[in-house]
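Since every read-out is calculated from the coordinates, none of them should be taken as a lab result. Quantities reported herein were computed from a predicted structural model and do not represent experimental measurements. Please note: Cβ atoms are built from the backbone with ideal geometry, for glycine as well, and neighbour counts cover all protein chains shown.
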Amino acid sequence: MALLEVKNLGISFGGLRAVNAFEVKIEKGQLYGLIGPNGAGKTTIFNLLTGVYKPTEGIIKLDGVDITRKKAIEINKAGIARTFQNIRLFKNLSVLDNVKAGLHNNYSYSTIEGLLRLPRYFKVEKEMNEKAMELLKVFDLDKEAEYKASNLPYGKQRKLEIARALATNPKLLLLDEPAAGMNPNETEELMQTIKFVQKEFEMTILLIEHDMKLVSGICEEVTVLNFGEILCQGETKAVLNDPQVITAYLGE
Amino acid sequence: GCGKKESTKNEGGSSEGSAVFKIGGTGPLTGDAAIYGTAVKNGMELAIKEINEAGGINGAQVEYKFEDDEADAEKGVNAYNTLKDWKMQMLIGTTTSGACEAVVAESHNDNLFQITPSGTSINSVKYDNAFRMCFSDPAQGTVSAQYIAKNNLAKSIAVIYNSGDTYSNGIYENFAKEAKNQGLEIVAAEAFTSESNKDFSVQLQKAKDAGAEMVFLPMYYTEASLILAKAKEMGYAPTFFGCDGMDGILTLENFDTSLAEGLMLLTPFSVDAEDEKTQNFVKAYKDAYGETPNQFAADAYDSAYVIKAAAEKAGIKPDMSVTEIGDAMKKAMTEIEFTGLTGTGITWGEDGEPTKEPIAVKIENGAYVFM
Amino acid sequence: MRHLQKTTKSNFITYGIVILTAVIIQVLSSAGAISSLIGGLLVPLCAYMILAISLNLVVGILGDLSLGHAGFMCVGAFASAFFSKMTVGTMPDGLRFFFALLIGAAAAGLFGILIGIPVLRLRGDYLAIVTLAFGEIIKNVINVFFIGRDRNGLHFSMKDSVALNLDSTGEVIVNGPQGINGTPKDSTFLIGMLLLLIALIIILNLINSRAGRAIMSIRDDRIAAESIGINITKFKLMAFSISAALAGVAGVLYAHNLSSLVASPKSFGYNMSIMILVFVVLGGIGNIRGSLIAAFILTLLPEMLRGLSNYRMLIYAIVLILMMIFNWSKGGGRLKEMLAERLRGLRKPRTKEVK
Amino acid sequence: MALLEVKDLQVYYGMIQALKGISFEVGQGEVIALIGANGAGKTTTLHAVTGLLPKKAGTVTLGGRDITKIPPHKIVEMGMAHVPEGRRVFAHLSVYQNLKMGAYIRREKEEFSRNLEMVYQKFPRLKERRNQPAGTLSGGEQQMLAMGRALMSQPKILLMDEPSMGLSPIFVNEIFKIIEEVSAAGTTVLLVEQNAKKALSIADRAYVLETGNIVLSGNARELLNDESIKKAYLGE
Amino acid sequence: MSFLSYLINGVSLGSVYAIIALGYTMVYGIAKMLNFAHGDIIMVGGYAAFLAMVNAGLSPLIGVLVSIVVCTLLGVVIERIAYKPLRMAPPLAVLITAIGVSYFLQNLALLLFGADTKTFKSVISFKGISLAGGALQISGVTIVTIAACILIVVGLSLFINKTRAGQAMLAVSEDRGAAQLMGINVNKTIALTFAIGSALAAIAGVLLCSAYPSLNPYTGAMPGIKAFVAAVFGGIGSVPGAMVGGILLGIIEILAKAYISSQLADAIVFAMLIIILLVKPTGIFGKKIQEKV
Ligand SMILES: Nc1ncnc2c1ncn2[C@@H]1O[C@H](COP(=O)(O)OP(=O)(O)OP(=O)(O)O)[C@@H](O)[C@H]1O
Ligand SMILES: Nc1ncnc2c1ncn2[C@@H]1O[C@H](COP(=O)(O)OP(=O)(O)OP(=O)(O)O)[C@@H](O)[C@H]1O
Ligand SMILES: [Mg+2]
Ligand SMILES: [Mg+2]
């Protein structure tokens, strides 16, 4: 059974049909790409998958469970975590606390235990710190653990967002243009990291990206979206050589 | 006019040696009740200056200090404590009931003699160390109802009162109680609050619809002036009956006094009174502060003279302790008989209440006429 | 963890300051070196400091502007004063005051949950106005409550005290706008300081725990917080109700310090709420220790300025404006930089810079 | 003389020095690329030039006039336009209103309609969405709007902060074509780009920024073939 | 009949709230700050007109003009001294400064003019109209106030949408940094906003005092808060919203007093406000734009 199964997903804004009849099946452990021209509806699909927008029709199933129209929190608990096209970090928290916020639901003690500083508080906080540092190390952010998140340079902020999403221990990770604003070397490094995450955490990843080097480099399959509709879907290499995709999206 | 306060100095009199009495005063000098505190401060200041010129109390000069309490209980206690640090021996205060109730608990602890010029609520003089210069709320409310019934002024009465104000509410309640006894019918009792004290159309409309012949206004004159203006605009002309807070309406700057024509009120003091005492006071006050005194100023002025009278009766000396003075004054207060601006032959009971008869006046041709 | 150590250290400095202040004042006061004015201000100071830190939980930590904090204080004050008046003489003073504290905190906390309904739907200035409205409603409604007691039990009215129909043994306990008179004077400076310390521990421990992190992440980015599974409803309500309960405790202190308690605009209206907000902003939004210091200074300032008589509130206003400008403007920033540079010789910079 | 001249520019964020005394110049009609890694100080440079950030030291001259202390709106009136990082579109205003804001310093009606036509022709998507609130545009669409808005003022010199960020490959080519067009029409361009390859291929000259210092500069074609550049910024 | 007359009274009261709210919303919408001192500028406007008319004996029209000039200057000066240094500060810091300014104006007025209330002289000589044989009265002040409101709404809307300065205001309200990049002088625009807001405060002050002729240093405080409520009610920054919000507030207040309880009227007004905001979380005219994620 596929980890993510989307059928006939659609949404309109006023008169604008932003996404129409979107379908996708992503297997466990896959690294899947979502590409398409600007305004094609990619980010909107992420928003539908994560409960930010409610679809007008369609079904979303995660690991066989119907999560359509569930609230954002429930969807996260069900196993989807994401990053945002416009970075959304907890700006005033430290880098470490950003990740620890992501650990919120997986490491638990009651508020009373926290207020009274009972032993469990210290035990769980210690575990959280260890886990968070472990994640930060993956993204080479451990040295900046105590910085305020907003003081990080852009590229590191993007990485931190991924670390935070991973901290929620998702089954499916959604990345919205993770390489935007990075130069080719930084992109290269990021590709390695994403690959590493896929392997190390046995993660299923769906990503949006305009950097074709990244897409062709790590995505196993892609879907191309155009004007809210699926233009092409399949194995990466084949799709990127599809003449339709070239005229609509890639150019040259 | 503006800017007429020539002096904001708090201390007056001479302060040579320690042979002076220290009298404190408290009341709101800022905030929206500042007008009352300022009047009390001025009245008290005027009296103490005169007393000092005339040789002081028991041969000792009097020093005084007035502290702002913003008409608030907590600030009132702060003001009281500030005065204590200054070594106050007696207190004229506080001006407003709410603050007075908090302060009197403190002064009771210290057994410090206190006379409030204008704190009208029952609890303002709850303890034996506290006396009152003005009428109490029950006195005013009850007497008003009795007066109206006795003179057959009206049968159906509407009341407009400030439900958020201790003074207004206190008078209203006692008025209502007594009205029942007197067979008067309260056809409408409409409240307002200090958050909505601009528009009185509804209250007046209800009074009118209920067919009230008289509207009783237990409130201060600033709000009453708006009510009178609105009633005129509505073409509604019942008899208006006020209480002592109404005094001052005629001297409200730029106020069209014709609006107050026919207004009746019970007041212990009237600037138009023809006795020499009042006239001298009014003149001296005008000279000093550039404005016409109201009843708060008169009560404060009297309070200072009451202290003088009682102090002389008790024979206290400035070097006595606060408690000694307190005990002596308490006793003396019940023994003196005082005649001042706000009444003649006033005596006090142990409960701190004065025996004062309110005088009913009516406004005719822009002046008070005794009835 | 270094991180944990750093915040813990900072927290203990705050506790230390509070305890030290308490000890110094207690020593001075038993030596008779404290004026009546300061002596009288001690309990209100504790109450204001508790109010400031509790409001900071909502404004600084949760990031919602609340203009109705005095309302919660009002609820705590009236609920507890009512209880104390009812039970005076039936139990030891200490026990009664303990129950009064619990009741005040619980009542205010309950109202904190009640206001949760709008809080969850509204944002920014729309929320601010609703909290303001809420505070005004509380004050207005308390002003029409009349409760009396006689041998037939409790009587209740929303009209006036006459309508209570008390018999000769009757006593009006809550008298509408005249409030509650004669509340036992149970508050002392030491109790106040103890409560302040407890409030501080609650708030600082909350901030540095799982729940606090959740609350702060909601402040920084609501959508991102939802996306990582943080329950907005739960934590917003938690912040509001804890903050309200602590404000209620401040109200209990306040009510049991003055013998007359009235829900006047001055003591429980929006002006008071704004006053508390001033403490929070001046002390630094989200900075708990700063709130304490600001509340302390700004409560004392007008009293210290009494010598200036009528100019005092004017000067207070000017000082307030100048402090804000000093804190936040470019010019003020430069001034601060200069001061910091002077200090730098003494101390190494605390924050690490991004390379 | 160069149109824009920057000398010994130093900028601080509080205690952090972001620019450590950089100098560069942009000649009339040139396309200059400014490249560098994340956090090198590119955005900071542009902000300081347009006056959005205060300068600790150094001078900036535009057309021979010292603009170091001149406020941004005056600099814009002198013919400088800036496509800022993060796009900064007026989120609640429509696309059309945003473009109108771009023409704030141009009062002429005719000029306005001509420029509007030009922008709509370069970015047909904007014409399609002219009544949509800018805040609801997709990332790429907002980027187009930010560019279009800057062009509406008919600038003498155009500063662009990563104009290709978030654009689809086909549109990245398009945007560089547009930059060339704009340049050909006589506008001087200062371009900050992560896509160094594309930037260097259309630029005349380039500067390389590293942690607040200019470490390298020269002819763009030459830099494109420079080994160290290739390694550090072109990913080859 | 009595309902009608209550309604008219509600509109009268509401029109005063509305005219105050218009000035409020102007500053609120453009400079994005809660100018808690707005009510006090209204008070200053009242005093300026009072002094001109009563003490200097000038005609009402001149009195209004004097008031407008005084308030406009005051508004600009306050902005320059107290708010401009705080351009980079968080909004809450500016809010607190505004409160400082409010205290300052109140206490300065207390020192200059004294605590005693003055009775304002209405600037409107028009007596109003009576309907239904005198049973219903619409006062002259009400009619003038409503007319002034409508004029101001139309004028402001035209100004904002049609003039360059108005466009600049729109841009500044959205993003000050980006506005600068359009060539807009942000400081000048905000100063102009304050000037207009304060001029409106002067007009509001004169009309408020004409409708409710009592003037003291605290006259503006409560109406200021009510106007704030009205502005939020109508939708923050919406000019027509401020007017509608104000009038609605007046009507609710009067009807609550008339039909429910005069003691609880304030509570009812605020409760209604909460309920309406729960149904429409951005006010009556507030635009709800979904945040793009
Ligand atoms: N809330 C909204 N209201 C109106 N239109 C919207 C809204 N959200 C998105 N749109 C429109 O829907 C379309 C799809 O937007 P979306 O953000 O999904 O594009 P995208 O594929 O992510 O593009 P890009 O690569 O540029 O980020 C766009 O044309 C956008 O203008
Ligand atoms: N507001 C700020 N406060 C503190 N430091 C900042 C601020 N803005 C930028 N910095 C720091 O200044 C340095 C230069 O940042 P700048 O944004 O100019 O870099 P950039 O070259 O544009 O990078 P990018 O490619 O990520 O956009 C970085 O180290 C950054 O962390
Ligand atoms: Mg997108
Ligand atoms: Mg940048």
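Structure data summary
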read-out: Within straight-line cross-link reach of D:Lys156, lysines at Cα separation under 16 Å, skipping those fewer than 8 residues along the same chain; value: D:Lys74
read-out: GNM result for chain C, Cα springs below 10 Å: residue of C:His69, C:His155, C:His256 fluctuating most strongly; value: C:His155
read-out: Entries in C:Lys139/C:Lys185; A:Lys126/A:Lys195; A:Lys25/D:Lys198; D:Lys127/E:Lys84; A:Lys28/A:Lys131; B:Lys232/C:Lys266 that, when Cα-Cα distance is taken, lie over 27 Å; value: A:Lys126/A:Lys195; A:Lys25/D:Lys198; D:Lys127/E:Lys84; B:Lys232/C:Lys266
read-out: Label point distance in nm, B:Ala367-E:Val69, each placed 7 Å from Cα along Cα→Cβ; value: 4.1
read-out: Principal-axis tilt of helix B:322-333 within chain B, Cα atoms, nearest 10 degrees; value: 50
read-out: Fraction of beta bridges assigned by DSSP in chain D that are antiparallel (%, nearest 5); value: 55
read-out: Global form of segment E:85-139, assessed from the alpha-carbon gyration tensor, a/c cut-off 1.5; value: oblate
read-out: For the protein assembly as shown, size of Cβ-based charge dipole, Lys and Arg +1, Asp and Glu -1, in debye; value: 4120
read-out: Shape of the protein assembly as shown, Cα gyration tensor, a/c cut at 1.5; value: prolate
read-out: R0 of 22 Å, Cβ-Cβ distance A:Asp66-C:Thr233: FRET efficiency to nearest 0.05; value: 0.45
read-out: Antiparallel content of DSSP bridges confined to the protein assembly as shown, in %, to 5; value: 50
read-out: Chain A, relative contact order in percent, only Cα pairs under 8 angstrom and at least six apart counted; value: 27
read-out: Over 25 Å between alpha carbons, listed pairs A:Lys7/A:Lys71; B:Lys230/E:Lys226; D:Lys7/D:Lys197; value: D:Lys7/D:Lys197
read-out: For chain B: relative contact order, % (alpha-carbon pairs under 8 angstrom, 6 or more apart); value: 18
read-out: Value of [θ]222 nm, deg cm²/dmol, for chain A, DSSP H segments ≥ 4, -39500 (n - 2.57) each, nearest 500; value: -10500 deg cm²/dmol
read-out: Filter on A:Lys199/D:Lys230; A:Lys100/A:Lys156; B:Lys49/B:Lys308; B:Lys198/E:Lys287 - keep pairs with C-alpha separation over 22 Å; value: A:Lys199/D:Lys230; B:Lys198/E:Lys287
read-out: Highest-MSF residue in chain C out of C:Ala22, C:Ala108, C:Ala255 [GNM, Cα springs under 10 Å]; value: C:Ala22
read-out: Set of segment B:160-175 residues, backbone N closer than 16 Å to the point 7 Å along the Cα-Cβ line of B:Asp351; value: B:171, B:174-175
read-out: Given charges at beta-carbon only (K, R positive; D, E negative), |dipole| of segment E:13-218 in Debye; value: 300
read-out: Angle between chain A longest axis and helix A:119-138 axis [Cα atoms, degrees, rounded to 10]; value: 40
read-out: On Cα atoms only, tilt of B:295-314 relative to the major axis of chain B in degrees; value: 40
read-out: Proxy reagent accessibility, fewest Cβ within 10 Å first, across D:Arg221, C:Arg96, D:Arg87; value: D:Arg221, C:Arg96, D:Arg87
read-out: Förster-model FRET efficiency, 30 Å R0, A:Asn185 and A:Ala238, C-beta, rounded to 0.05; value: 0.55
read-out: Reachable aspartates and glutamates, given that their alpha-carbon falls under 13 Å from the alpha-carbon of B:Lys22 and they are not under 8 places away in the same chain; value: B:Glu11, B:Glu45, B:Glu63, B:Asp85, B:Asp319
read-out: Listed residues C:Gly283, C:Gly229, C:Gly39, most fluctuating in chain C (Gaussian network, C-alpha, under 10 Å); value: C:Gly229
read-out: Length-normalised contact order of chain C in % [C-alpha pairs under 8 Å, at least 6 apart]; value: 29
read-out: FRET efficiency estimate (nearest 0.05) - Cβ-Cβ, C:Asn152 to C:Tyr15, R0 41 angstrom; value: 0.20
read-out: Chain E shape via C-alpha gyration tensor axes, a/c threshold 1.5; value: oblate
